[in-house]
Amino acid sequence: MARTALVLLLIHPILLAFRFIPSELDKVFWYLFPVHRRISIDLGSWALWGLILLMLVTIVIKLPYDKWKITHKFMGLFFILGILHIFLLDLSVTANQALTTYLAILSVLGVVGRIYKSILFGWVINKSHYRVEKTVRLNEQVIEITMAPESETVHSVPGQYFFFTFLHSKISKESHPFTVVQETEDGQIKIIVKALGDYTNQLYWELESGATALLEGPYGRFDYRLGKQDQVWIGGGVGIAPFISWGNDLKQQGKSDLNIDLYYCVNTEQEAIHLQLFQELESRLSGFRVHLVRADVEGLLNPNDIPGVREKDFFICGPADMRKSLLKDLKSLGVPKNSIHFEDFDFT
């Protein structure tokens, strides 16, 4: 949506600049910059270049999540500059009353939404307090965190996630989304975190029992129960988390009418730290099959090797490169778009 909005915004000044072709080509270039000697137009240029810069930071320059989030907060500033650009131009508020009303409504909604999210959200949203009961480092990168409720217990649909904030002197207070992989009857929940960036490295090395966790949520619609009877689950790396949640749900039910093929994609077999859960399900449920795909042995997963791809629902969660490659391959194989479901957590 943001990319589409930026393209639509670019069309506006570019078309206006085209009026100088071919007589004044130098003005075509300079028109996009804030050198108009009219504050109302310059504000629009500043807003446009600010949005372009933020989109470049988002799409091209891959900053760590906590630093990216700081830059993204400037989006509200450039939005306000754009509003001032609109309403300081006499033409915009006199030529078309209906258009003026439409823009005014959108502007007010945008500003109110920004104020709510930036200032009021922290006071309004109800965050549940949990206590870190146990941390287990499953390997050199992955940590399993078990938490118990300090007040009210929260519940989630298998596969959903919460935004977690851990209160610890050596850990950033930024909130990050993690999928709940297990929820016990006494209200305890588990998540797994892979040390991939600054924040997740802090969790891996610094988090310890007794720390307080604030939970916001749950969120997400990644739900295998909404899919067809014949399903393919593809999890890579820490992207196996929602499938662990689903596996625990199937284990608790003890039965299932679904036909499920899980492809657990790892670099080496040592990384498949939750393989035992899926092997246990395979032995219990006739319709559940697990396929371990090791990059150093079998290579990367090839959707061409999956039988009956057009008749199945696909659920994908894993690294961005893996996800993008699979989406491209499935599309080329004729899998309907509404049969492909995936999680997208590039900024965690």
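The values are calculated or read from the model by the stated rules, or taken from the named source; none is laboratory data. As the structure is a computational prediction, the values presented were derived from the model and not from experiment. Note that each Cβ is placed from the backbone with ideal geometry, even for glycine, and that neighbours are counted across all protein chains shown. Accessible surface is based on the protein model in full, side chains and every heavy atom, while ligands, DNA and RNA are left aside. Shrake-Rupley method; radii C 1.70, N 1.55, O 1.52, S 1.80 Å.
Of everything in region 129-154 that is touching a residue at least 40 places away in the same chain (Cβ under 8 Å) and part of a loop (DSSP other than H, G, I, E, B), the residue that is least open to solvent (accessible area, probe 1.4 Å) is VAL154. If the condition is being open to solvent by less than 40 Å² (accessible area, probe 1.4 Å) and not in a helix (DSSP H, G or I), then region 195-204 contributes ALA195, GLY197. Screening LEU207, LEU226, LEU214 for residues that are of a type in the set (A, V, I, L, M, F, W, C), open to solvent by 40 Å² or more (accessible area, probe 1.4 Å) and either modelled with pLDDT under 95 or within 18 Å of ASP66 (Cβ to Cβ) (or both) leaves exactly one candidate, LEU226. On the stretch given as region 174-190, residues that are closer than 15 Å to TRP246 by Cβ and aromatic (Phe, Trp, Tyr) total 0. As an exercise: evaluate ILE234 against (1) more than 20 Å from VAL142 (Cβ to Cβ); (2) in contact with a Cys (Cβ under 8 Å, 6 or more places away or on another chain); (3) among the aliphatic types (A, V, I, L, M) and give the number of the one condition it does not meet. All conditions are met except number (1). When we screen ASN126, ASN96 for residues that are closer than 29 Å to LEU207 by Cα, exposed (fewer than 14 other Cβ atoms within 10 Å of the Cβ) and either among the polar types (S, T, N, Q) or modelled with pLDDT of 90 or more (or both), the only hit is ASN126. Counting just the residues of region 333-348 that are closer than 17 Å to GLN229 by Cα and assigned to a loop (DSSP other than H, G, I, E, B), which one comes out least open to solvent (accessible area, probe 1.4 Å)? Taking the candidates together, the pick is VAL335. Set side by side, the residues LEU103, LEU10 differ, and just one is surrounded by 13 or more Cβ atoms within 10 Å (Cβ to Cβ) and either in contact with a helix residue (DSSP H, G or I) (Cβ under 7 Å, 6 or more places away or on another chain) or of a type in the set (S, T, N, Q) (or both), which is LEU103. Only one of the numbered conditions (1) hydrophobic (A, V, I, L, M, F, W, C); (2) surrounded by 18 or more Cβ atoms within 10 Å (Cβ to Cβ); (3) at pLDDT below 95; (4) within 20 Å of PRO64 (Cβ to Cβ) is not met by PHE166, and that is (3).
Conditions tested, residue by residue: (1) surrounded by 16 or more Cβ atoms within 10 Å (Cβ to Cβ); (2) outside any helix (DSSP H, G or I); (3) touching a Phe, Trp or Tyr at 6+ places or on another chain (Cβ under 8 Å); (4) of a type in the set (Gly, Ala, Ser).
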residue: GLY235; (1), (2), (3), (4): yes, yes, yes, yes
residue: VAL238; (1), (2), (3), (4): yes, no, no, no
residue: SER245; (1), (2), (3), (4): yes, no, no, yes
residue: ASN248; (1), (2), (3), (4): yes, no, no, no
residue: GLN252; (1), (2), (3), (4): no, no, no, no
residue: ILE260; (1), (2), (3), (4): yes, yes, yes, no
residue: CYS265; (1), (2), (3), (4): yes, yes, no, no
residue: PHE278; (1), (2), (3), (4): yes, no, yes, no
residue: LEU292; (1), (2), (3), (4): yes, yes, yes, no
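Being surrounded by fewer than 17 Cβ atoms within 10 Å (Cβ to Cβ) and either in a helix (DSSP H, G or I) or at pLDDT 95 or above (or both) is the filter here, so list the residues in region 298-332 that pass it. Answer for region 298-332, where residues must be surrounded by fewer than 17 Cβ atoms within 10 Å (Cβ to Cβ) and either in a helix (DSSP H, G or I) or at pLDDT 95 or above (or both): ASN304, ASP305, ARG310, GLU311, ALA320, ASP321, LYS324, SER325, LYS328, ASP329, LYS331, SER332. The single condition from (1) in contact (Cβ under 8 Å) with a residue 60 or more places away in the chain; (2) more than 30 Å from PHE342 (Cβ to Cβ); (3) β-branched (Val, Ile, Thr) that VAL181 fails is (2). Does any residue of region 13-28 turn out to be under 35 Å from the mean Cα position of the chain (by Cα) and either modelled with pLDDT under 85 or loosely packed, with under 10 Cβ neighbours inside 10 Å (or both)? Scanning region 13-28, I find at least one residue that is under 35 Å from the mean Cα position of the chain (by Cα) and either modelled with pLDDT under 85 or loosely packed, with under 10 Cβ neighbours inside 10 Å (or both), so the answer is yes. Number of residues in region 34-67 that are out of contact with any helix residue (DSSP H, G or I) (no Cβ under 6 Å at 6 or more places or on another chain), surrounded by fewer than 16 Cβ atoms within 10 Å (Cβ to Cβ) and not aliphatic (A, V, I, L, M): the value is 5. Residues that are assigned to a helix (DSSP H, G or I) and of a type in the set (Val, Ile, Thr) do occur in region 30-40.
Of all the numbered requirements in (1) free of Cβ contacts under 8 Å to residues at least 24 places away in the same chain; (2) over 30 Å from ASP198 (Cα atoms), LEU53 misses one, and that requirement is (2).
Taken together, the residues in region 173-198 that are in contact with a helix residue (DSSP H, G or I) (Cβ under 6 Å, 6 or more places away or on another chain) and either over 22 Å from ILE125 (Cα atoms) or among the hydroxyl-bearing types (Ser, Thr, Tyr) (or both) amount to 7.
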